[in-house]
Amino acid sequence: TSVENQYVIDGISVNNTAYGYLGSPLSLEFVEELGVVTGGYMPEYGRSMGGLLNVVTKSGGNEFHGSVFASAAPGFLEGDRAQAPNLGSAIRVQEELNYVGDLGFELGGPILPDTLWFYVGADLAQSSFKLQRTLYRADGTEIRGTDQDFFAEGTSMQAIAKLTWLANADNRVSFSLFATPSMSGGNGRYGIDPALGEPENLTLEGSYDALAHQYRSGAVDAQIAAL
């Protein structure tokens, strides 16, 4: 499972320090190489009970290169979600996807040809869910006219900056910095649990304003490596 794995980006362990899941998600648009080690690996790959996912990010070169990318998943393309019956609860919530999408860019190139290169990128993602709450009687029948619609929304950002310096023919030094802040909920919206990617508190009991609090998460990682 996720919390049993070790996640490494440019030599930095990016597991969440409290719960162990991936703490610094990174878009595939920024990834140059991915290595997966699992099952009977050597001790130097320790600190995990599952597998090791080792990511190397892109670097600049003597030619400028870049791209702009985007993706969108509107909710009307999603099929109906089957809801597990819960006859013991007077409150039932049906969750629907409104949309999930992101927009980003990447750019790399030379600062000093054959000596110093840069690479930068950023990705902004947003997600929104519709939560419909309905009240039921003790016998499991719906109380008509009790439907209420609520929303859970979140925004996350990924940013990366990398410098690579060729000191001489045999030595290279790189500096990597990436940040992954995210926020959801507040302002009349429910939060999205960063560990699950799902709206919080699906029973929606009690005061709506009291439960619609914010989630703030993310990490900033930096590394200097000599090769």
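The values are calculated or read from the model by the stated rules, or taken from the named source; none is laboratory data. Here the structure is a predicted model, which means the values were calculated and not measured. Because the Cβ atoms are built from the backbone with ideal geometry, glycine has one as well, and the counts that use them run over all protein chains shown. Accessible surface is based on the protein model in full, side chains and every heavy atom, while ligands, DNA and RNA are left aside. Shrake-Rupley method; radii C 1.70, N 1.55, O 1.52, S 1.80 Å.
The set of residues in segment 174-201 being within 21 Å of the chain's Cα centre (by Cα), among the hydrophobic types (A, V, I, L, M, F, W, C) and either under 16 Å from R133 (Cβ atoms) or modelled with pLDDT of 80 or more (or both) consists of L177, F178, A179, M183, I192.
Residues in segment 112-156 that are within 21 Å of the chain's Cα centre (by Cα), farther than 30 Å from N168 by Cβ and touching a residue at least 60 places away in the same chain (Cβ under 8 Å): D123, S127, F129, G154, S156. Only a single item in (1) surrounded by 15 or more Cβ atoms within 10 Å (Cβ to Cβ); (2) in a strand (DSSP E or B); (3) over 19 Å from the mean Cα position of the chain (by Cα) is not met by D102, and it is number (3). Just a yes or no: is a residue in segment 133-156 surrounded by 15 or more Cβ atoms within 10 Å (Cβ to Cβ) and closer than 21 Å to Y21 by Cα? Yes: one or more hits. Restricting G39, G50, G88 to those that are touching a helix residue (DSSP H, G or I) at 6+ places or on another chain (Cβ under 7 Å), at pLDDT below 90 and either part of a loop (DSSP other than H, G, I, E, B) or under 28 Å from G154 (Cβ atoms) (or both) reduces the list to G50.
For beta carbons closer than 6 Å, sequence separation of 6+ or different chains, a first residue in segment 166-193 that is in contact (Cβ under 8 Å) with a residue 40 or more places away in the chain and open to solvent by 70 Å² or more (accessible area, probe 1.4 Å) and a second that is of a type in the set (A, V, I, L, M, F, W, C) and not in a strand (DSSP E or B), the qualifying pairs are R172/L227.
Can you find, within segment 1-23, the residue that is surrounded by the most Cβ atoms within 10 Å (Cβ to Cβ) among those that are among the small types (G, A, S) and under 22 Å from S174 (Cβ atoms)?
The first filter runs over segment 1-23 and keeps only residues among the small types (G, A, S), leaving 2, 11, 13, 18, 20, 23.
Checking the rest, the ones that are also under 22 Å from S174 (Cβ atoms) come to 11, 13, 23.
Working: G11: 13, S13: 14, G23: 20.
Checking each candidate, the answer is G23.
Only one of these is part of a loop (DSSP other than H, G, I, E, B), of a type outside the set (S, T, N, Q) and open to solvent by 40 Å² or more (accessible area, probe 1.4 Å): A82, A70. Name it.
A82
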